[in-house]
1. Need the failing condition index for residue 235 against (1) assigned by the TED database to the domain that holds residue 312; (2) exposed (fewer than 15 other Cβ atoms within 10 Å of the Cβ), just the number.
2. Of all residues being in a loop (DSSP other than H, G, I, E, B) and within 33 Å of the chain's Cα centre (by Cα) in region 213-252, which is farthest from residue 191 (Cα to Cα)? Just the residue, please.
3. Looking at 379, 417, 421, 405 in this structure, which one is crowded, with 16+ Cβ neighbours inside 10 Å and not in a strand (DSSP E or B)?
4. Any residue in region 375-389 that is in contact (Cβ under 8 Å) with a residue 60 or more places away in the chain, outside the structural domain of residue 307 (by the TED database) and more than 50 Å from the chain's Cα centre (by Cα)?
5. Restricting to region 306-329, what's the tally of residues that are more than 16 Å from residue 258 (Cβ to Cβ) and surrounded by 18 or more Cβ atoms within 10 Å (Cβ to Cβ)?
6. Under the condition of being assigned to a strand (DSSP E or B) and surrounded by 15 or more Cβ atoms within 10 Å (Cβ to Cβ), which residue from region 330-339 is modelled with the lowest pLDDT?
7. Looking at residue 247 and the list (1) in contact with a helix residue (DSSP H, G or I) (Cβ under 9 Å, 6 or more places away or on another chain); (2) within 30 Å of residue 331 (Cα to Cα); (3) surrounded by fewer than 18 Cβ atoms within 10 Å (Cβ to Cβ), which single condition is not satisfied?
8. When you go through 215, 258, 201 one by one, which is the residue that is free of Cβ contacts under 8 Å to residues at least 24 places away in the same chain and touching a strand residue (DSSP E or B) at 6+ places or on another chain (Cβ under 7 Å)?
């Protein structure tokens, strides 16, 4: 049964293909008839739609689908509707066959006839869809030849405004370049400006590009070359100009007051002016006239010779161009004769080294003289005068220590400065320290370095160390680098502590069980023995060491207001608090370097 149903499907597909070809032949026949009628009438070709009713009659005439379906159902007792549709779609893809022959057919250019072909393609319900197809006629005669398009061109400069680069300071300036080229080139700018903007507008129809450089808030630092460039694969072109900033004069001088020694030839600070175009510079004295015969103006500098106290006052520098003017006022104060530079008051040197001494003064050097002297000794010195005769300098190189006096004088007075030269050397050695028996068994001594400074250090050691012997003196016993002495004379606790101190030690202090055993084993069998521990408001050892070992005593206890002292009894089995006024024998403890004979 299954094979038979497939056989019907194949037959139905072939029959549908045959019917489709018949429909196509009928369409072409009608189109030819329509074309002949159009030619006879002298009219242009056109297309028209087949009437829906005519097309439906053709389909009804070629194939009766309903009868065929009933036949299939009667044979298989099943519904083959879906299977038939899928099979037909494989053999006869009507949707692809009926697609438009021309996909992009403009409404004004498409003059062919329209056809509507019905086809069913829905699984659930049979629907009809209109398909339109444009049939293009034979091409018309060729039109006239159009103008020749632009060819490839390397970049060329068309116009620019770079030759007009003048701008007032703080204003904006726009530069423009127009380039031609095909393809349109890429453009760039070169400038020292800090605040700027670049814009470019291409014109594809004319193969041009206009580019602009806009410099905002122009300043002196923006001045300099400006260059626009265009580049493409075919080459490059460029043009250069200058940005020139115009400004009224601006005087750069910062000083408003100067002090000048009497008698020198003084040159005022130059009147530095920034302007464009250049400014005319003049010097004036406010309220008074210039010193007759003693002043000179060259370029932007004023010079006054042999300055006198009468020259004090205000002097003005003025600068002017067509954009405006500026003015700076400077006050001149004349000071009396004085030293300018001198050596430091104290110089430290090693023996046999050289110390350089100098002093200088401002004034009329022609009328001044100087020298360097030392009491009781001749000094070789040198006097120098500056080229402008405004400064005199006296120098000397000395090896001996002592006080040197550098003096400079003019016709009216003499100035002096003293310099002390010291040797860097050692003083006497100190006494030897006590022998360090706890660690290195050494002793040390030291000496001071006289006249030492950061630049002049002592060249030999300041400290000396030597070995020493560590022993317990007469009446002491050595235990673990410590010396112990049993004093059998009975005394109060306070007297016992004073006696131990007189021998270089203290009542014995015990910080651990090992030290406790050293004392007990040494003095086994003795009655109550004072040790250095006491309590008044807190526990204390007489040598000031920290209390960390309490043996059988309570670590925390309240004070009774009266001092209690500690002794250990026979065998050292216990410690006991006693009245400090009781008289017991006692044990002293000292270091090996501090103990004294008993």
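The values are calculated or read from the model by the stated rules, or taken from the named source; none is laboratory data. Since this is a predicted model, take the numbers as computed values, not measurements. Virtual Cβ from ideal backbone geometry, glycine too; neighbours counted across all protein chains shown.
1. Condition not satisfied by residue 235: (1).
2. 252
3. On the way: 417 fails: not in a strand (DSSP E or B); 421 fails: not in a strand (DSSP E or B); 405 fails: not in a strand (DSSP E or B).
After ruling out the rest, the residue left standing is 379.
4. Checked against the condition, which is being in contact (Cβ under 8 Å) with a residue 60 or more places away in the chain, outside the structural domain of residue 307 (by the TED database) and more than 50 Å from the chain's Cα centre (by Cα), region 375-389 yields at least one hit.
5. In the first step, residues of region 306-329 are kept if they are more than 16 Å from residue 258 (Cβ to Cβ); the result is 306, 310, 318-327.
Subsequent filtering for residues that are surrounded by 18 or more Cβ atoms within 10 Å (Cβ to Cβ) retains 318-319, 321, 326.
Total meeting the criteria: 4.
6. Among them, the one singled out is 339.
7. Among (1) in contact with a helix residue (DSSP H, G or I) (Cβ under 9 Å, 6 or more places away or on another chain); (2) within 30 Å of residue 331 (Cα to Cα); (3) surrounded by fewer than 18 Cβ atoms within 10 Å (Cβ to Cβ), the lone unmet condition for residue 247 is (3).
8. 201
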